[in-house]
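Step one of this worksheet: look at the structure below.
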Amino acid sequence: MKRFIGIFVAVMFSMTMAACGGDEANPDALGDLGDNGFVDVDANADVTDDADASRDDIQVDTPDDTQEVLQELPDNDIPDDEGVEVEMETRHFTFKAIAGMSMGAAALTVASHYPELFDSVGALGGYVDYRYIGRLMKDMMGSGFCPMEQLLRPDVLEDINNPDNPLVFCGNNTHLRPHEFYWDFNHFHYDDDGGTWDRKNYFQVLSSLVYAFGNFMFYNEDNPLLPPGVDVDWLNEPDKCNNPAVVEYPYNINAEYNPKGEYNLISFCDGETKVGCDESDPPKCGSKHPQYRELVGRYDPTQNYDFPVFTFLAVDYNGNGKRDYGEPVVFNVSERWDDVGVDGCSNEFEDGNGGCLEESNGHPEIDANGDDFDLEKNPRGTEGNGEYDEGEPFEDFGIDGVPQEISGVKDYGEGNGVFDYNPRYEALINQDARTFFLTADVEELKKHSYYLEGGIRDMLHALTSAKHLAAALASRGLEVKYYEDFAGQPNSIFPEQVCDDIVNIETPEYLVKFDFSSGSFGENVLVGYGNPNLTEAELVNNNNGKHVGDACELLVRSGIFYTMAMSRMPDTIRFYSGDYFGATILYSSYYSEILQSRRWYGLNLPPGYFTDERLKDAELPLGIILPGIGMPLWETTEATRIVGLTQASGATPRFILLSPDGQCCFRNSQTGERFCNCYRISGGYQCVEAQCKGEHEECEEFVIPRDNMVQECNSGHFFVNQATNVWGETDLETARFEDALLEVIDVVSKKYRIKQPADVEVPVGF
C-alpha cells in the first residue's frame, strides 16, 4: 500500500482554506515561443544526472530499489567535473525564496516591489494579476443586467423582482477565456474546495481587497473605503440592511444605468443563500449535489440576506430602498473606451497592414491586423482584451462616463485629454506583478526564477490569471515552460508517473533524480494542475484541479516549488536522512515596531537542525510561505511539514521555512485594546502580551473569547500596507503589513542560522 508522508497535512490544509528589465522588450519573443505563447515541455527530455557516486556519508535505510539513487546524491548543486574546464561567473544570491497560496500568492507582488530580496518567487493558485481582477469585477461578477431602457418599461419595472421574467435579467454574454466559469451578478460560481465559496464568501474577499487597496469601484477623494456621497458615520449604523446608505445627485451618476442622476444609489445586503432539502430528493441538501451547487450561488429575492455590501451600489429604480433582482449594481472604474486594439479600429475596418479602412470590409469575423486577444494563441493581442491600451478610442467624460452637459457634473478625469482610471484602480494595477513583468529591466527579471500555477478548475480562475502573467514574462523574451499537471499527462512534469508516486516515501527517487535546473525544468515555469480526463461523476467527491486541489496536489504544489527554488542555490547542504517526521515546528513572536504590537510567526526547522553534525553550525537558505485568506497561523505552519519529505529524502537542500501571520489585527470590543498578536484557535484567539518587548518566552500568553474580538478587515491583509479598515479610517501607519513582512524576515534572519546574501562564483548558466 502506498505510504504518504504528511497526508494528514493535506486534510488539515483543505480544512484550513475553509476559514475561509536594461534590454528593450522583444515584441516578437512571444510569437517565437509557439502558438500558445509559451514553451511546451518536452516529455521525452533527458534528465541530467550530476550525481557523485563516490559519496560515502549517506546512511540509507530504504527499499533496495531506491538505495542506489540515494547514494548518488550530491552535496550541492554545483557540478564537480574533474578534467573538464568550466567557465565561471560571479552572481549574487540572496538565499531566499518566497511563495504563497491563494491570498499568499501576493508573494509575487511583494517580490516585484523588492526584487533584490529574493532569488525565486512562487505564486501558487492566487489572484495576483490585479488587472485581471478588473475583468472579474466588470465583466463577470457585476454583469448580467438588462439595458436601462428595458428595465424602466412599466411592465418590466413592475415585475423587477421576478427571476423567471426573461425581461428582468439578461445574463452575461461575455466570451469565456480558458479555465473560466460562467458568472453574472445573480449567479455566482459556487465551490466548496478550500472553503465554502458561497455568495457571502466572495463578498468578504472583495471587501478584503478594498480594505487593502481602497475602493477601486468608486472614487471618493475624501475616503478610501466609501463611495462618494456616503458619510463615514453610516458605518456605525447597526442595522445596515434595513437602513441602507443612500447616494443622491450629484454623486450617483453612471453612464449605463443612471446618466442623469434621476435615481438614488443604495447599499444593499447579500450573502449566503439558504438551500433547503427537497423531500422527494434528499441528496439535494448535500453540497455535492448539482442542483444544490447551482442554487447556492444564486441570488434569491425571497430570502433575507444579512451581509452589507457597500463597495458595489445598486440603482433603486422603484424607490423601495432595497436592491431587487433586476436592479443593476454599478461602479465607475474608468472612462469608457472602444476595446478595438491599438490600431484604433475593429476587425471590420482593418486593412490588413495595421491600419484602418474608411468603410467596413464586411468581415467582422476576420482579424486582418492580427490584433485579436486570445489568451492561448495571442495573449499580446489588444482587441477584446478587456483592458485599455494606448491608441484605443475613448470617451473623455470622466470615470462616471457621462458628459457634463448631460449630467450637470464634471467628474474626475473629464475633459483632460487623456484616458483615466479610477485613481485607486490605477494604483492597484500599477503595483501588480504583471506591470512589473512588463516594465522591469529585463536583466533584473533574468536574475530570478518564477514559478506560477493554478488549477484547471479553480473557481477564482487562478490558472487564467497565471497565464496572463506568464505571457507578460514571455513578451520580454524570457522562457516560460508550461506543464500540464504534475504527473500522468504527456506534457506533465512527471509524464510516466502518477501524482501519488511523487510523495510516496517508497519511491523518493522521482524527486531525488529530477533535474530542477533552468536548462532542464525551465527558466520559469507555469503549471496547470488537474487531470483533464476526469468525468463529472468522478469530480463529485474529488477536488482535483481546484483551488486547493486533492490531497496529493496540495502536497506536490509547495513541494515542487521549494525543491526547485532551493536546488537553484549554490553551496547548499543536501543529504538523505530518512527522518521524514524530523522537522521541528515552533511558534514564536517578536515586537513589531511597525505594527506597534507583538506579532506571531511560525517556523519549520529542517530535520537534523539541532542534532545532525552537518547542520549544527551551518547557515541555511530561508523560504517564506504566505498563507491563504483566513488561514490561521498554526494551520499554515503545520501544512509545511511536506518539506520534511523532500529534505529527508535528499531531493531538497536543507532550509528554514518561515510562516508569517496573514491575518489583520484585532480590537477587543470590551476594552478597546488593539492586538496584532493573535491567531485563531478553537473557541477563541491565542494571544501574546501586545506590548511585551522582550523574548517570546518572557511574554504572557492568554486566550480571548472570539465574540470579544473585532477584526480590522475581513480576515486577510494581502501583505500590503492597508488603505483603510472596517471603520473607514485612513491614518493606518500601524497597518503596514508589507513593511511588517520585511520586518519579520529580518528578525528571523538575525535570530536563526540563515544564510546571508553573497556573491558566489558559479558555472555560467548555473
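The values are calculated or read from the model by the stated rules, or taken from the named source; none is laboratory data. Model, not experiment: these values are computed from the prediction. Neighbour counts run over all protein chains shown; Cβ positions are idealised from the backbone, glycine included.
Within the group SER102, SER143, SER120, which residue is crowded, with 24+ Cβ neighbours inside 10 Å, among the hydroxyl-bearing types (Ser, Thr, Tyr) and either modelled with pLDDT of 95 or more or in contact with a Ser or Thr (Cβ under 7 Å, 6 or more places away or on another chain) (or both)?
One residue alone meets the criteria, SER120.
The rows are residues; the columns are (1) more than 25 Å from the chain's Cα centre (by Cα); (2) of a type in the set (Val, Ile, Thr).
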site	(1), (2)
ASN668	yes, no
ASN677	no, no
GLU697	yes, no
GLU738	no, no
VAL744	no, yes
TYR752	yes, no
VAL760	yes, yes
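All told, VAL703 meets the bar of being part of a strand (DSSP E or B), out of contact with any helix residue (DSSP H, G or I) (no Cβ under 9 Å at 6 or more places or on another chain) and farther than 30 Å from TYR219 by Cβ.
Tallying residues that are in contact with a strand residue (DSSP E or B) (Cβ under 8 Å, 6 or more places away or on another chain) and surrounded by fewer than 21 Cβ atoms within 10 Å (Cβ to Cβ) within the stretch 309-321 yields 1. Could you grab me the full set of residues in the stretch 675-700 that are outside any strand (DSSP E or B) and among the basic types (Lys, Arg)? Passing the criteria: only LYS693. Residue count for the stretch 494-509 under the criterion of being in a helix (DSSP H, G or I) and under 29 Å from the mean Cα position of the chain (by Cα): the result is 4. Elements of the type helices (runs of 4 or more DSSP H) sitting completely within the stretch 536-649 and holding at least 3 residues that are under 30 Å from LYS288 (Cβ atoms): these cover 536-539, 551-567, 633-638.
When MET459 is tested against (1) part of a helix (DSSP H, G or I); (2) over 15 Å from VAL121 (Cβ atoms); (3) not acidic (Asp, Glu), just one condition goes unmet, and that condition is (1).
Every listed requirement among (1) buried (at least 22 other Cβ atoms within 10 Å of the Cβ); (2) in the same structural domain as PRO290 (by TED's automatic domain parsing); (3) assigned to a loop (DSSP other than H, G, I, E, B) is met by GLY126 save one, (2).
Residues considered: GLU506, GLU484. Of these, the only one that is buried (at least 20 other Cβ atoms within 10 Å of the Cβ), more than 28 Å from PHE93 (Cα to Cα) and not small (Gly, Ala, Ser) is GLU484. Within the span defined as the stretch 295-318, one or more residues are of a type in the set (Val, Ile, Thr), farther than 25 Å from PRO403 by Cα, in the same structural domain as TYR219 (by TED's automatic domain parsing) and part of a helix (DSSP H, G or I). Of all the listed residues (ASP343, ASP324), the sole one being within 34 Å of the chain's Cα centre (by Cα), crowded, with 18+ Cβ neighbours inside 10 Å and more than 30 Å from TYR251 (Cα to Cα) is ASP343. For the stretch 450-469, the tally of residues that are of a type in the set (Gly, Ala, Ser) and surrounded by fewer than 24 Cβ atoms within 10 Å (Cβ to Cβ) stands at 0.
Within the stretch 477-510, the set of residues being touching a Phe, Trp or Tyr at 6+ places or on another chain (Cβ under 8 Å) and among the small types (Gly, Ala, Ser) comprises ALA487, GLY488, SER492.
Quick check: is even one residue across the stretch 568-583 modelled with pLDDT of 95 or more, within 19 Å of LYS481 (Cβ to Cβ) and outside the structural domain of GLU697 (by TED's automatic domain parsing)? Checking the stretch 568-583: at least one residue is modelled with pLDDT of 95 or more, within 19 Å of LYS481 (Cβ to Cβ) and outside the structural domain of GLU697 (by TED's automatic domain parsing).
When LYS274, LYS284, LYS288, LYS240 are checked against the criterion of being modelled with pLDDT of 95 or more and either among the charged types (D, E, K, R) or not in a loop (DSSP other than H, G, I, E, B) (or both), a single residue qualifies: LYS240. Given the options PRO627, PRO607, name the one that is surrounded by fewer than 24 Cβ atoms within 10 Å (Cβ to Cβ) and either under 26 Å from the mean Cα position of the chain (by Cα) or in the same structural domain as ASP739 (by TED's automatic domain parsing) (or both). Unique residue meeting the criteria: PRO607.
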